[in-house]
Each structure stands twice: as structure tokens, then as C-alpha cells.
Amino acid sequence: MKVTQRCLFIHGLDSSSQGVKASHLRQLFPEILTPDFRGSLEERMFQLNQIIGRKRDWTLIGSSFGGLMATYFACWHPRQVRKMILLAPALTWPDFLAAPPPPIDVPVVLYHGRLDTLIPLEQVKPIARQIFRNLDFHVVEDDHSLLRTFFEIDWRALVFH
């Protein structure tokens, strides 16, 4: 089974398409999109909207700030997103907390490290439960990078399930 162009990895704030996670996902799924995002949240969301366009059935994989971006996109365009896989999403972003989007039914698998000091688990958990009505939340023994957990995930089963 191969992934279609409808799978997209969104890296974190200070990462890129050349990061460890994007590189690993490209090895597993050569057709996955792993663009570079730069600039403000608004600029990055504009770029994300340009990439996705009006196509449907996307699987969005977002890491940290990329998880925030995936969440915003899915909340604004839920019919275009088949599934989200979020890795320590930055749901504590001040603007997001000040005006959270309406809840969505898009299936979400979320991994968050118990040892994450950048985006504390205790703050993310209630926000995630408020926004995602179809949530599979995994608390793992890892830090914000989730690098140990990332390589233990059965990506093929997760993406295609």
C-alpha cells in the first residue's frame, strides 16, 4: 500500500523539511509532502492553504507548531481532513487559547510526552479534549521532541488505519 499525495507532514517552528521526523517519514512514504514553512503563523497558514487547496481526504501529521497549524486547518476545513496525527502540538499558543476554534469530529491521534517542559501535558490535555471530539490521546515517557516515541510508532498502521 502506498501513501498518496494526500499525506502531509508539518514541521515545528524551528525545524524544516530536512529534520529527523520529515526525513524518516519520507523514507517510509516517498510520496508524502514535507514542505518548508517560514514566517509568522499567518504566513505559514497561507502557505498550507495553498498546498492543500480544495483537495479532500488529507492525513495531516503535525509536530509541535506544525500540530497547531494542522489543528487550525482542520477546524476551518474539517471536510478536507481525513485524519490528524499530532506530536506534542502547540495548543498552548496564546492566540489559540484566547479564541479556540469550534470542536471538530475529525479523527485525531495525539502523542504527548509526560516530560515535555516546553508545552506541558497538563495544559494540552484539556484543550485537546475540548477541541477534538474523536481523540485518541497517548501520554508517553518522552520529552517535547518525542524522538524516542516517534521511532517506536507503527507509522504504516497509523497512517493507513
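The values are calculated or read from the model by the stated rules, or taken from the named source; none is laboratory data. None of the values given here were measured: they were computed from a predicted structure. Here the Cβ positions follow ideal geometry from the backbone for every residue, glycine too, while neighbour counts run over all protein chains shown.
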TODO: Sort out which residues of the stretch 27-42 are over 13 Å from Tyr72 (Cβ atoms) and touching a Phe, Trp or Tyr at 6+ places or on another chain (Cβ under 8 Å), and write them in order of number.
DONE: Leu28, Phe29, Ile32, Leu33, Thr34
Task: Candidates Ala88, Ala74 - the one that is modelled with pLDDT of 95 or more, crowded, with 20+ Cβ neighbours inside 10 Å, under 27 Å from Asp142 (Cα atoms) and out of contact with any Ser or Thr (no Cβ under 9 Å at 6 or more places or on another chain) - done: Ala74
